[in-house]
Amino acid sequence: MLFTLPLLFAPALVAAHGAVTSYIIGGKTYEGYQGFSPVAGAQIIQRQWPDYNPIMTVTDPKMTCNGGTSAPLSAEVAAGTNVTAVWKQWTHQQGPVMVWLYPCDGEFTACDGKQKKWFKIDEMGLWGNTLNSNNWGTAVVYKDLKWSSKIPSSLKPGNYLIRHELLALHQANTPQFYPECAQIKVTGSGTATPPASYLASIPAYAAQSDAGIMVDIYQGKGTSYKAPGPAVWSG
């Protein structure tokens, strides 16, 4: 049930969400943006996002990188090593974590992430059989305020966007999407790329009616959960 609250509470409600605010790669911390305080010309690897507000539909153009379109820098990461995303705050404990990559054909300035080339390298949905619980990937982020994912060892080197997405399901049939992107240069001797069956377009990697998006964790009768989109490609 939704209630109308006085406007004086609105800033607190907005600030109660969260977003990736930095990355740890190769032992080095790369700072990102903070909600509601974008920095013009900031020398960072993260594509600028404007605020902590959720995206409410899977077809929203902001789904690609939360509205971010470019960044001046990139971080080098060896295939087979981890990228760790860090959140300054996160408050929701029901929903999946999904981590995606997108290969850029050339320079990052020309890489808009709009083609059907996104693929998952990591995800965690529900463990156990109780949807109305804290047994979700986003509960791990709530506890640790970080998420670490391995770049597939066999991945072909090149420029990539890495996209961390939290899908909050704490409101019945009212999904909230929180994606952010950063620019990484994958190094190594790998030659592998994911087959077509692992690729998706963002926005619209699934239908809004998908069973992994439109979920009632309270009165629904489900005892399992499958994250929306294609399967994870591990190389």
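Per residue of the range 107-116, what does 6.51 cos²θ - 1.76 cosθ + 1.60 with θ = phi - 60° give for ³J(HN,Hα)? Whole Hz please, x for Gly and Pro, Karplus curve as stated.
6, 4, 4, 9, 9, 9, x, 9, 8, 7
Over the range 162-235, average the accessible area per residue using a 1.4 Å probe and give it in Å², no decimals. Numbers along the way, then the final one.
On the way: 3100 Å² over 74 residues.
Using a 1.4 Å probe on heavy atoms only, each residue of the range 162-235 averages 42 Å².
So who's got an amide H within less than 5 Å of the one on Q176, skipping anything under 5 residues away but keeping other chains? H placed 1.01 Å off N, in plane.
A168
If the chain between S153 and N82 were fully stretched, how many nm would it gain, using 0.36 nm times the residue separation less the Cα-Cα distance? Write out the running numbers ahead of the final one.
Details: separation 71, 0.36 × 71 = 25.56 nm, distance 1.02 nm.
Between S153 and N82, full extension yields 24.5 nm more.
Heavy atoms only, probe 1.4 Å: what % of the accessible area of the chain goes to carbon and sulfur, would you let me know? Mind dumping the intermediate values first?
Numbers: 5980 of 10870 Å².
Looking at the chain in its full context, I get 55 percent from C and S.
Be a star and scan the range 102-124 for residues whose amide nitrogen sits under 19 Å from the point 7 Å along the Cα-to-Cβ vector of A42.
Of the residues in the range 102-124, 109 have backbone N under 19 Å from the label point off A42.
Determine the dipole magnitude for the chain: charges of +1 sit on the beta-carbon of Lys and Arg, -1 on that of Asp and Glu, nothing else is charged, the reference point is the Cα centre, and the result goes in debye to the nearest 20.
Numbers: 16 positive and 14 negative charges, 59 e Å.
Once rounded to the nearest 20, the dipole reads 280 debye.
Calculate one ³J(HN,Hα) per residue across the range 131-140 by plugging θ = phi - 60° into the Karplus curve 6.51 cos²θ - 1.76 cosθ + 1.60, and present them in order as whole Hz with x for glycine and proline.
For the range 131-140, the Karplus-derived couplings read 5, 7, 7, 9, 8, 9, x, 5, 5, 5 Hz, x marking Gly and Pro.
The values are calculated or read from the model by the stated rules, or taken from the named source; none is laboratory data. Everything numeric here is computed off the predicted structure, so don't read it as measured data. Every residue, glycine as well, gets a Cβ built from its backbone with ideal geometry; the counts of neighbours run over all protein chains shown. These area figures cover heavy atoms from the full protein model, side chains too; ligands, DNA and RNA do not enter into them. Shrake-Rupley method; radii C 1.70, N 1.55, O 1.52, S 1.80 Å.
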